[in-house]
Amino acid sequence: MIFGANILALIFNMQLTYQPFELQLKHTFTIAKFSRNSTALMLLQITHEGYIGHGEASMVPYMGETHQTATDFLSRVDVNQFKYPFNFEEIIDYLDSIAQGQTAIKAAIDIALHDLDGKIKQQPCWKMFGSDLSLMPVTSLTIGIDTPEIIIQKVKEAELFKVIKVKLGRDNDKELINTIRSVTDKPLYVDANQGWTDLQQSLDMCYWLQEQGVQLIEQPMLKTDVDSNAWLTERSPIPIIGDEAVQRLPDVEKAKGVYHGINIKLMKSAGMYEAQKMIKKARELDLKIMIGCMTETSCAILAALALAPQCNWADLDGPFLAANNPFKDPEFMDGKYVLSGEAGLGLVAKPGNLL
């Protein structure tokens, strides 16, 4: 992978380059409302004084970003705005002023700047964010909706993981859980991806899932159906977590009383800086916190892992779902990622990739 073309600016030895990339998945990834076999990414670099920061935008279909929208956005970015030392509050305000939404490409810039900042300071990102690695949560491996045969195969591939996350939201939810329970008794997280519609059936399902060892449920109903999600949260025996309903910082306060907790993803929050602000706000509001991911390479996963010890749960399985991750997988042991003391993200390219 060569980041040589598309130089957007070069001044004060600061330059931004980018590379479109298609991340192939090991299995077809199916959730309540769609399936896919790959994800469009934009990988980028920001260099300054000989240091290189790496960033990544994972542009899943439901977020509406593409290689073209990312390219158009980057063509409007003036890296002269990124004076060192970086003022991340000003940077996110500047990026938001270019266009609303498009949080994944904004996250790529934010991640690259944090990686660059860590390398200049010779500190790992997790330390700059004040994370305690002894508090690193286990991370789950996600199993998409599939046939019983493929579900069983995926469970066997999840041997390294202590927790499995299951996509639900169709009319065969119990069949999927029963299939998994036929081969493992590991704790489960489930994600309905807005697929549930009937209140009483949903509440009955919550109690049934509790009996099956499910520890939390993500986004059971439409994100716009605040009343139904709040009704279910009030009655559910296990935590209900807002995902699609919680994108950026202002959404955290709106989640209070509607969900027990929130799922923060860097591709929704526009990067690491705002994600930590969301974590702090959630704690103030006594909301539980999951940190999750889209289908991502090790680059964005390492960025999220810098914040993961500040969260209750983690769902950061991107490298394990990808078939062509251009970077080395982060170290993984006993169900948890193990971060190094390397400066910045600690990202390492696989042999044959020029970064």
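The values are calculated or read from the model by the stated rules, or taken from the named source; none is laboratory data. All values derive from a computational prediction rather than experimental measurement. Using ideal geometry, Cβ is built from the backbone for each residue, glycine included, and neighbour counts are taken over all protein chains shown. Please note that ligands, DNA and RNA were not included when accessible areas were found on the heavy atoms of the full protein model with its side chains. Shrake-Rupley method; radii C 1.70, N 1.55, O 1.52, S 1.80 Å.
Every condition in (1) over 18 Å from the mean Cα position of the chain (by Cα); (2) of a type in the set (S, T, N, Q); (3) at pLDDT below 95 holds for residue 201 except the one numbered (3).
Per the conditions (1) within 14 Å of residue 104 (Cβ to Cβ); (2) open to solvent by less than 10 Å² (accessible area, probe 1.4 Å), the sole criterion not satisfied by residue 274 is (2). Among all residues of the range 197-216, there is none that is of a type in the set (Phe, Trp, Tyr), outside any helix (DSSP H, G or I) and farther than 26 Å from residue 276 by Cα. Restricting the range 155-179 to residues that are basic (Lys, Arg) and modelled with pLDDT of 90 or more leaves a set whose member that is most open to solvent (accessible area, probe 1.4 Å) is 156. Of the residues making up the range 103-126, those that are closer than 17 Å to residue 83 by Cα, open to solvent by less than 10 Å² (accessible area, probe 1.4 Å) and among the hydrophobic types (A, V, I, L, M, F, W, C) are 109, 111, 112, 113, 116. If you check 100, 68 for being loosely packed, with under 14 Cβ neighbours inside 10 Å and under 21 Å from the mean Cα position of the chain (by Cα), only one passes: 100. Could you go through the range 140-163 and let me know if any residue there is touching a Pro at 6+ places or on another chain (Cβ under 8 Å), more than 24 Å from residue 248 (Cβ to Cβ) and either of a type in the set (Val, Ile, Thr) or not in a helix (DSSP H, G or I) (or both). Scanning the range 140-163 turns up at least one residue that is touching a Pro at 6+ places or on another chain (Cβ under 8 Å), more than 24 Å from residue 248 (Cβ to Cβ) and either of a type in the set (Val, Ile, Thr) or not in a helix (DSSP H, G or I) (or both). The residue that is farthest from residue 105 (Cα to Cα), among those in the range 323-355 that are open to solvent by less than 10 Å² (accessible area, probe 1.4 Å) and small (Gly, Ala, Ser), is 335. All of 302, 266 fail the test of being open to solvent by 10 Å² or more (accessible area, probe 1.4 Å) and touching a Cys at 6+ places or on another chain (Cβ under 8 Å), apart from 302.
Determine if the range 180-189 includes at least one residue that is within 19 Å of residue 242 (Cα to Cα) and touching a residue at least 24 places away in the same chain (Cβ under 8 Å). Yes, some residue in the range 180-189 is within 19 Å of residue 242 (Cα to Cα) and touching a residue at least 24 places away in the same chain (Cβ under 8 Å). When the test is whether a residue is out of contact with any strand residue (DSSP E or B) (no Cβ under 8 Å at 6 or more places or on another chain) and hydrophobic (A, V, I, L, M, F, W, C), residue 232 does not pass it.
Taking the listed residues 223, 186, the one that is charged (D, E, K, R), modelled with pLDDT of 95 or more, over 16 Å from residue 264 (Cα atoms) and open to solvent by 10 Å² or more (accessible area, probe 1.4 Å) is 186, with no other qualifying.
Selection of helices (runs of 4 or more DSSP H) fully inside the range 252-327 by the criterion of at least 3 residues being under 12 Å from the mean Cα position of the chain (by Cα) returns 266-269, 298-305.
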